[in-house]
Amino acid sequence: MAANYNKDELKNFTSEDFALVDKDEKIFDKKFETKPVGYFRDAMSRFARNKTNVIASIILFTMIFLAVIVPITTTKAYTGVHEDIRNLSPRWPIFERWGIMDGRARVSEVRVDRTTIDPETGLGLPYQTVPDYLPAELRTTFVTYRHLHIDMDTLTNEVVPCTGFGTRDSACYGGEVIFGFQGEHRLITVMSDDVFTFDPDENPFINVVIPANSNVRNMSVLVSLDGGDNYTKIDTFFDAAGADALPGTYQVEVFDVMNDVTEAFDSRIKVEFSNRTATIHEDVDLQFGDANTPVSSVDFDTTSSNFNTTIASQNVAEFDSSENSYIEFVIDEITEGATVAVLVLNQYDVYQRVGEITEAGTHQIFVFDSLTITDEFNSIIRFALLSESDDLEITLESVSVYHDGEEEPHFHEYGWALARWTRASGEGTGYKSRINAEILSANFIYDTYGAAFGERRRTYGGREYDRLLEEYADRCEIVEHPYGNPDGWGFDSPDPERPCVFTRVEERIDAGSQIDPRTGERVFFYNYRVFINFGVLMGYDTPPYYIFGTNNMGQDMFALTWFGLRTSLMLGFIASFINITVGIIYGSISGYYGGKVDLVMERFSELIGRIPWLVTLSIFMALIGPGALSLILILIVSGWIGVAGVTRTQFYRYKGREYVLASRTLGAKDSRLIFRHILPNGIGTIITASILMIPAVIFTEAALSYLGFGIGHGQSFKLFGILELSGVSIGVLLSDGQAAMLNRPYLTIFPAIVISILMITFNLFGNALRDAFNPSLRGSE
Amino acid sequence: MLRYTLIRIVWIFIMMASILSMNFIILKSAPVYPPTETDERSQWYARQVSDGFFTERVERDPAVIRQLDEGTYPRMRNGEYLRETFRDPITNERRTQYRIFEPVPIGQQYFAWVTNIATEWNWGTSSRVQPNRPVFDILAERIPVTVRLNITALFFYIPIGFALGIWAALRKDKLTDNVISIGVMIFISIPSFVVMLLLVLTFGYQLGWLPRRFPPAHATGAVRFTSMVLPVLGLSFNSIAGLTRLTRAELTEVLTSEFLLLARTKGLNYRQSVIRHAMRNSMVPLIPSIIASFVGLLSGSVIIERIYSIPGTGRVFIDAMERNNYDYDLILGITAFYTVIGLFAVLLVDLSYGVVDPRIRMGARK
């Protein structure tokens, strides 16, 4: 101010120029001209200043309102199964005029019913009914399409990879099959190279000599009675004492052990050794003997003494020695060091090795090079996977049998047929997967509402027909012979807004007659083949709008989403309430008493807080199992720690204040100081700082339910006897939607958008609330 | 500092031991789920016996044996009778016997578990996911997949987060800053699995630009690369938003500090002052937060792995946790992996505060 005057002017002021204003007026009792601003009003005005936050809060509360109101007021079903309105696309009132959200679905990669392929265009249509060949587990989720409601202009066919269930689906063609094996040598099989004749008259026996340094614990001797690969255990030696060794010589008198077998048979000798716990490398001596050859040492297959499994075809191939038949294996990949031994059934009914393959490529195996058969025979083709290693894998493209010189194979298995080859013998864990298989699929635009609410052909009995006609009498006028069909008639409605339940009757079918015993008159029965207006039958004059569509159970996704949101919110509120309560109590004690108590409690909460959520999850799953209870427990097990921290800080801030000291001097107890003096002062800060826990809890709930560890469909829970929770939450809906991401993306999109908006607005609201109540924390996150 | 470090390390080990012990004791007290196939089951029990979790004996009580033969004997809660026909090598008689496997008291099991890990690095045997396969073998197969994914995400999100944060801070309260802040607010709020679902839905299914699921291990070339795009994006969005917000906050604070004014007064131009003084100082608190974020990334990848069928540790954890199909040894192994990484990251964060910023003296008395 002084700068406005120059020095000369200042010199001219005298003390008379200064006078006290309102010297005689008493102002200490004067009322404020404006009203005092209270704590909440002040906070509200700060809150309202930020328009973004206000908008976010309005959206948030609208969503909460909808979550409460929609499930109660909706006229559409969101529980139960409603077959007829399954998988409807979203349809919105005004948007449908612009061709979006019009209830038409872009459907792609739906398998083609090959019987419907049009010879002119070459295009096939999807299945109208569930095909018979589908495995049972796929039948329930298979979606069928009414051809009438497919937009034929948009129909295209393409060949796409067959994913998911390639090995189990015969409609997929082509591709390769991987046969894999993994394990350890805990079970070793030794098999003789030669086929022996076991004759009861000669009382044959088998000797197994296990060296002294072995760690074999269990040993079984097997023979094949039918001569095939179907070996039966005839004797088992087991070390019952529990020591990890079974050395010695063991003699098995074959017909003594199998006293019900009286005929001679041919078989190889097979011996299995196992230890179950340790890898074994066995060096045994196998002997065969009978009255003629007391003991002769048997050469056994050294390769097969390692890891070994046999895979067999389902179909039988024909071999002819005069044609010099050969088997062709097309192998794409094979584990290095592994051997594929190809086996066929010889004249002794034993599978004999006819060739070995060690590398990828096309291999021709001339079976008669190693067989002594001179005529035709039929055999299943087997191959054994042999390797020294613990893991082996073979990628097989096809197996065929040719007669030499012929172009076309007469046995050719690839794709689905090859995928059906199964393990005939072997041990360890195996797996089979079909890769690169393909399927012919259709893409088109489908009118889901037309299919659900449009015309459907039905046959009604006369009584039902009459009943319906009577029920809809005011809107059905019979029109004779439309479409030039002399057997039928049509219906018209006086009010085009309220159509008749039938569109036309195609034909009236005689269903016999009977004499009415009371009147003695002959009564005629008819069946009617009609086209019904399915929407009208369901009570809709015009098709309804499902703005989020319906799911595969025909439930309205709009109501279901809000219903799920309600569950999510309720779980969020309940868990947050418990967390805040526990946190406040814990933090109060820790902060108020301080010192050693505080130190111990801090360490404890740090320990709890550091437990990874996977550990918490596994513990509660094992103890309680999935469900609402374990979900809430998981949410609260470490959720209170943040609140406890804030509370503790508040207590440290206020516990030394004079008013607390004063109260303490007057003899107040600890509980009074905590709950009447300190806590009320800090509670605002604590609550506003904890409000962000609600979205965090909702997020965790959604994630856990999505993973299947939370709640699930069909469950319902009573909490504290009053609150009823459904098994549907946003996480559950997202989990459902993942199965149909391609053709029904709306099942994922709408719940995802709803939870995203909820999270964004909740965070904005929480931050705004905190800023409004604790301006000092503004901007900190 | 040394004292503080030692105390922290000891404390971390105490926490680790108590978390893992608690997990072990609770899980092992729950009903067991042995493999379903008979052969695998007997093998699994034998393995449990040799690992010291079960005892094995032969049932001698004729009354019990009769009940077992008739199938009227009640099912044991946590043990099992296995029937075996064998031939006694000494007396040469054929016999049927029942071997009984019973769990030893939980304390002994715990001792055996610790001993097995300490002496043989034996983490137990899988019972349901891959029956009878050693847990550590399964983990050794899965860990590289998860770690590769997370490291990629880390290297993807750090530069982007920094760049956006710096950009926003330098253009504070301008359009750029506002746009970035809105983006940050949105992506920090939306759960990462929802982002991932929407990404897969859009780019995998609807547009078909990227693979819909993680390809099998033998896929090569372009597929291997493109299949990483979606999971890395799904993992990164949240972290990018977090890092951007943090960088922006730190840098804004430093930009208004007095030493920066001094630097300008000294004659440095804006660029020099920002790069040499502001950035270097604002980075200090970010380094611990990046270490901590790696743990968040790792545990967040469990759900991403499930969505995208990535054969990593998270996926195998979900498999092992399948309802009434629990594979406890595997769960213990995986949770141990996550616990150890999480706690060491905490330790690293604690120590790094002192290292990156000498002004912070850890453990200094108040």
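The values are calculated or read from the model by the stated rules, or taken from the named source; none is laboratory data. Remember, predicted model here, so these are calculated numbers, not experimental data. All Cβ positions, even for glycine, are placed from backbone atoms using ideal geometry, and neighbour counts span all protein chains on display. Accessible surface areas use protein heavy atoms only, side chains included; no ligands, DNA or RNA. Shrake-Rupley method; radii C 1.70, N 1.55, O 1.52, S 1.80 Å.
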How well do other chains shield peptide B:193-204, expressed as the mean number of their Cβ atoms within 10 Å of each residue Cβ?
-> 5
Fully extended, how many nm does the chain gain between A:F18 and A:E263 (0.36 nm per residue separation, minus their Cα-Cα distance)?
-> 74.2 nm
Got a sec? Which residues in the stretch A:499-518 would a label at A:W489 touch, if it sits 7 Å along Cα→Cβ and we count backbone N under 16 Å?
-> A:500-510
Going down the table (A:K233/B:K28; A:K51/B:K174; A:K31/A:K655; A:K596/A:K669), which pairs top 24 Å between alpha carbons?
-> A:K233/B:K28; A:K31/A:K655
Against the longest principal axis of chain A, how steep is helix A:613-623, in degrees 0 to 90 to the nearest 10, with axes from Cα atoms?
-> 70
Determine the shielding of peptide B:309-322 by partner chains: average, over its residues, the number of Cβ atoms on other chains within 10 angstrom of each Cβ.
-> 2
Label-point gap, in nm, between A:E470 and A:D510 - each point 7 angstrom along Cα→Cβ | 2.6
Per residue, how much accessible area does chain B show when a 1.4 Å probe rolls over the protein heavy atoms, in square angstrom?
-> 48
Which shape class, rounded, prolate or oblate, goes with the protein assembly as shown when its Cα gyration tensor gives a ≥ b ≥ c as root eigenvalues, a/c under 1.5 marks rounded, and past that a/b bigger than b/c marks prolate?
-> oblate
Under a 1.4 Å probe, counting only protein heavy atoms, B:F225 has an accessible area in Å², nearest 10, of 150
Solvent-accessible area per residue for the stretch A:1-108 (1.4 angstrom probe, square angstrom) = 84
At what distance in angstrom do the alpha carbon centres of the stretch A:341-408 and the stretch B:276-317 lie from each other?
-> 52
What accessible area per residue comes out for the stretch A:565-716, rounded to a whole number of Å², with a 1.4 Å probe?
-> 41
By its C-alpha gyration tensor, with a ≥ b ≥ c as the square roots of the eigenvalues, how is the stretch B:54-103 shaped: rounded for a/c under 1.5, else prolate for a/b larger than b/c, else oblate?
-> oblate
Considering every residue in B:21-29, what mean count of other chain Cβ atoms within 10 Å of its Cβ is obtained?
-> 3
Positive-end extreme of charge dipole, chain A - chosen from A:G595, A:L614, A:G549 (charges on Cβ) = A:G595
Checking rank on B:291-300, A:407-416, with mean other Cβ inside 10 Å and highest first, the result is B:291-300, A:407-416
In the stretch B:40-55, which residues give up 10 Å² or more of accessible area once the other protein chains are added, compared with their chain alone (1.4 Å probe)?
-> B:E40, B:S42, B:Q43, B:A46, B:R47, B:S50
Place a +1 charge on the Cβ of each Lys and Arg in the stretch B:54-103 and a -1 charge on the Cβ of each Asp and Glu, then give the dipole magnitude about the Cα centre in debye, rounded to the nearest 20.
-> 40
Which value, in square angstrom to the nearest 100, describes the accessible area buried between chains B and A on both sides, using a 1.4 angstrom probe?
-> 5600
Once A:W421, B:W167 are ranked on solvent-accessible area with the largest value leading and a 1.4 Å probe, the list reads B:W167, A:W421
Which of A:I632, A:T685, A:L707 sits farthest toward the positive end of the charge dipole of the stretch A:631-745, with +1 on the Cβ of Lys and Arg and -1 on the Cβ of Asp and Glu?
-> A:T685
Could you work out how far apart the two model spin labels at A:K31 and B:T119 are, taking each label as a point 7 Å from the Cα in the direction of the beta carbon, and quote it in nm?
-> 9.0
Which percent of the accessible heavy-atom area of the protein assembly as shown goes to carbon and sulfur, probe 1.4 angstrom?
-> 56
Label-zone membership for the stretch A:530-567, site A:D151, 7 angstrom Cα→C-beta point, backbone N under 20 Å | A:543-550
DSSP-loop chymotrypsin sites (Phe, Trp or Tyr not before Pro) across the stretch A:678-754, with at most 11 other Cβ within 10 angstrom | A:F720
Using 1/(1 + (r/R0)^6) with R0 = 22 angstrom and r between the beta carbons of A:F61 and A:F573, what's the FRET efficiency to the nearest 0.05?
-> 0.95
Surrounding charge for A:T550, neighbours by C-beta under 9 angstrom, Lys/Arg +1, Asp/Glu -1, total +1
Cβ-based charge dipole, chain A, positive-most Cα from A:N443, A:V223, A:S15 | A:S15
What are the aspartates and glutamates whose alpha-carbon lies under 12 Å from the alpha-carbon of B:K172, with same-chain residues fewer than 8 places away excluded?
-> B:E253
Computed helical MRE - 222 nm, chain A, DSSP H runs ≥ 4 contributing -39500 (n - 2.57), nearest 500 | -9500 deg cm²/dmol
Full-extension gain in nm, A:A291 to A:E202, via 0.36 nm per residue minus C-alpha separation = 31.5 nm
Can you list which of the chymotrypsin sites (Phe, Trp or Tyr not before Pro) found in the stretch B:53-127 are DSSP loop residues with at most 13 other C-beta atoms within 10 Å?
-> B:W121
So how do A:H363, A:H713 rank on accessible area, 1.4 Å probe, biggest first, that is with the largest at the start?
-> A:H713, A:H363
Order of exposure, largest accessible area first, which applies to A:K31, A:K233, A:K669 with probe 1.4 Å | A:K31, A:K669, A:K233
At what distance in angstrom do the alpha carbon centres of the stretch A:22-57 and the stretch A:105-174 lie from each other?
-> 70
Folded to 0 to 90 degrees: helix B:38-51 orientation relative to chain B principal axis, Cα | 70
About its Cα centre, how strong a charge dipole does chain A have in debye, to the nearest 20, once Lys and Arg get +1 and Asp and Glu get -1 at the Cβ?
-> 8280
Quarter of the surface of the C-alpha convex hull for chain B, i.e. direction-averaged projected area in nm², equals 27.4
Mind pulling the angle between the C-alpha long axis of helix A:679-690 and the longest principal axis of chain A? Nearest 10 degrees, somewhere in 0 to 90.
-> 50
Gain in span if fully extended, B:V340 to B:N325, counting 0.36 nm per residue against the direct Cα distance = 2.9 nm
Would you mind getting me the FRET efficiency between A:V316 and B:I25? Use the beta-carbon distance for r and R0 = 60 Å, nearest 0.05.
-> 0.60
Rough spin-label spacing in nm, given labels placed 7 Å along Cα→Cβ, for A:I94 and A:D42 | 4.5
